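A short write-up of the structure that comes next.
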Amino acid sequence: MDKFQIRGGNRLFGEISIGGAKNAAVAIIPATILAGDVCRLENLPNISDVSVISRILVEMGAKVTRINKNTVEIDPRGINTSVAEYDIVKSMRASYYLLGALLGRFNRAKVPMPGGCYFGVRPIDQHLKGFEALGATATVENGMICLETDNLAGSNIYLDVVSVGATINIMLAAVKAKGVTVIENAAREPHIVDLANFLNSLGADVRGAGTNVIKVYGVEQLHGATYSIIPDQIEAGTYMAAAAASGGDVLITNVTPKHLQSITAKLVEMGAEVIEGDDSVRVRRERPIRRCNMKTMPHPGLPTDMQPQLAVLLSVADGTSVVTEGVWDNRFQYVDELRKMGAEVSVDGKVAVFQGVPTLKGAPVRATDLRAGAAMVIAALMADGVTEVEDIHYIERGYEDIVGKLAGVGADIHRISGAPTDQEEKITG
Ligand code: EPU
């Protein structure tokens with residue numbers, strides 16, 4: 001079992017470059033199924049989630065050519081099935097985007113119920129409600145979601161919860177439907193806008209992405225395109241938190257500062273200084289970490305995917321902080337691990353109370369999911385002594401070369417290889 005070994009206490013100095021957004025990539029790759037020609041995707045993060053979703057497309061008949069580490073060409077014309085039956089599909093949450101993309105292309109789709117990181121019930125009722133509004137019938141047979149229609153037709157859909165996945169899936173199904181689809185109470189995350197821009201580069205007509213009303217005017221055909229994925233908001237935020245946690249001074253480049261504003265605001269409240277450039281942010285901290293409260297919310301609120309990485313700073317703040325998780329039911333599983341390092345945290349449902357302690361101490365801990373794992377790495381950077389983080393396959397789903405990037409700014413971090421476990425082989429998303 002591979003793990004990270006981290007000796008804490010080094011302040012981080014230097015520059016870290018951010019890659020393409022994972023959650024945009026895992027939507028845009030399935031979206032190529034809708035294209036009528038080759039799509040060249042640039043600035044793709046080199047992470048396991050991207051390899052898994054690419055492999056699924058290959059299994060279905062697409063030709064995927066890797067041009068370099070961060071660029072692939074996908075020719076979707078060879079895809080000749082609307083059924084995705086492979087074990088890897090089940091293990092990856094974002095494979096549910098195959099539903100919208102296959103339905104949009106073939107008027108039918110059969111895809112296993114999705115898996116992925118577990119932090120509470122992860123229903124897909126809003127996705128199905130959207131597909132049904134567009135004219136599809138949805139059934140579940142032997143763990144497979146089956147969608148079918150003779151004719152997809154635009155419709156008005158009001159989402160009962162702001163859902164990134166449902167917004168994306170409905171956009172995918174609607175781009176080639178007849179007429180206009182209106183998605184109200186749509187999610188506004190940067191990767192929703194990125195997907196809309198990608199679809200429009202193929203000839204689609206998607207308007208309003210980034211607001212809570214998205215209109216999709218159906219078109220008959222989509223062509224190919226060359227498209228560059230936006231920078232990863234959460235990868236950037238994670239290194240911002242790491243820089244602030246270490247009390248260092250790090251320039252984080254290839255970012256969109258506007259996407260980072262809610263994260264910047266929290267770090268400033270905690271006592272860090274954040275200087276925005278055109279496509280960079282510089283984060284430094286000299287003062288002690290100040291206590292603050294925070295609550296996660298859909299964009300433009302503080303992203304839930306930054307909650308663990310920011311909250312670990314509060315474990316050594318100068319007082320008591322209240323952290324409220326506003327998106328997921330169960331996103332404090334990492335707290336048990338953090339307690340092993342000496343943190344004083346109590347959790348009641350979606351609220352955690354962090355009582356700051358003078359310092360964390362190195363300990364063996366595990367990544368309980370992707371962002372929880374990143375948070376353990378940040379905690380380890382702040383701690384006295386050595387921390388070993390296990391189950392790093394979760395972290396490597398979403399962070400390209402996290403060891404190299406942190407070591408490059410002075411962290412004492414190493415990846416230690418061991419024999420793979422069954423779990424590592426099974427869980428990929
Ligand atoms: N929800 C429903 N019904 C649905 C869909 C969602 O009730 O049909 C609820 C969920 O239970 C949750 C809330 O709505 O309480 C938001 O869920 P959403 O659908 O927005 O989440 P998602 O699309 O499954 C994506 C990201 C997550 C991120 C969330 C929220 C991808 C592949 N995943 O998940 O990212 O936490 O949006 O921003 O884009 C991560 O990257 O670590 C990660 C987990």
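The values are calculated or read from the model by the stated rules, or taken from the named source; none is laboratory data. All of these numbers come straight from a predicted model, not from anything done at the bench. Cβ sites come from the backbone with ideal geometry, for glycine too, and all protein chains shown count toward neighbours. Surface accessibility is based on the protein's heavy atoms, side chains included, excluding ligands, DNA and RNA. Shrake-Rupley method; radii C 1.70, N 1.55, O 1.52, S 1.80 Å.
Numbers at a glance
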{"item": "Unsatisfied cross-links (Cα-Cα over 27 Å) in the set LYS129/LYS266; LYS69/LYS350; LYS3/LYS258; LYS22/LYS63", "result": "LYS129/LYS266; LYS69/LYS350; LYS3/LYS258"}
{"item": "J(HN,Hα) series, segment 17-31, from Karplus relation 6.51 cos²θ - 1.76 cosθ + 1.60, nearest Hz, glycine and proline x", "result": "9, 9, x, x, 6, 4, 6, 7, 4, 6, 9, 6, 4, x, 4"}
{"item": "DSSP bridge orientation in segment 284-429 - percent antiparallel, rounded to nearest 5", "result": "60 percent"}
{"item": "Segment 190-297 - percent relative contact order, Cα under 8 Å, separation 6 or more", "result": "20 percent"}
{"item": "Total charge dipole magnitude, the chain, about the Cα centre, Cβ charges on Lys, Arg, Asp, Glu only, Debye to nearest 20", "result": "320 debye"}
{"item": "Degrees, to the nearest 10: 370-382 long Cα axis against longest axis of the chain", "result": "20 degrees"}
{"item": "Bridge type composition, the chain - antiparallel percent by DSSP, nearest 5", "result": "70 percent"}
{"item": "Alpha-carbon centroids, segment 249-309 and segment 232-246: separation in whole Å", "result": "7 Å"}
{"item": "Estimated dipole of segment 281-398 in Debye, rounded to 20 [Cβ of Lys and Arg +1, of Asp and Glu -1, Cα centre]", "result": "500 debye"}
{"item": "Rounded, prolate or oblate (a/c below 1.5 giving rounded, otherwise prolate when a/b exceeds b/c) for the chain by Cα gyration tensor", "result": "prolate"}
{"item": "Most positive-pole-ward Cα, GLY179, ALA236, ALA209, against dipole of segment 177-244 from beta carbon charges", "result": "GLY179"}
{"item": "FRET efficiency for ASP336 and GLU286, using Cβ-Cβ distance with R0 set to 41 Å, rounded to 0.05", "result": "0.80"}
{"item": "SER280 long-range amide H proximity, modeled H, under 5 Å", "result": "VAL255"}
{"item": "Net dipole in debye of segment 81-209 [+1 Lys, Arg Cβ; -1 Asp, Glu Cβ; about Cα centre; nearest 20]", "result": "160 debye"}
{"item": "Under the Karplus curve 6.51 cos²θ - 1.76 cosθ + 1.60, θ = phi - 60°, whole-Hz ³J(HN,Hα) for segment 233-248, x wherever Gly or Pro sits", "result": "4, 7, 4, 4, x, 5, 6, 4, 5, 5, 4, 5, 4, 7, x, x"}
{"item": "Helical mean residue ellipticity (222 nm; -39500 (n - 2.57) per DSSP H run of 4+; nearest 500) of the chain", "result": "-9000 deg cm²/dmol"}
{"item": "Dipole of the chain, positive direction: furthest Cα of MET144, ILE395, PRO190, with charges on the beta-carbon", "result": "PRO190"}
{"item": "Probe 1.4 Å, protein heavy atoms only - accessible area per residue of the chain in square angstrom", "result": "37 Å²"}
{"item": "Extreme residue, positive dipole direction of the chain, given options ALA62, ALA245, PRO123 (C-beta unit charges)", "result": "ALA245"}
{"item": "Rounded percent of accessible protein surface that carbon and sulfur make up, the chain, 1.4 Å probe", "result": "47 percent"}
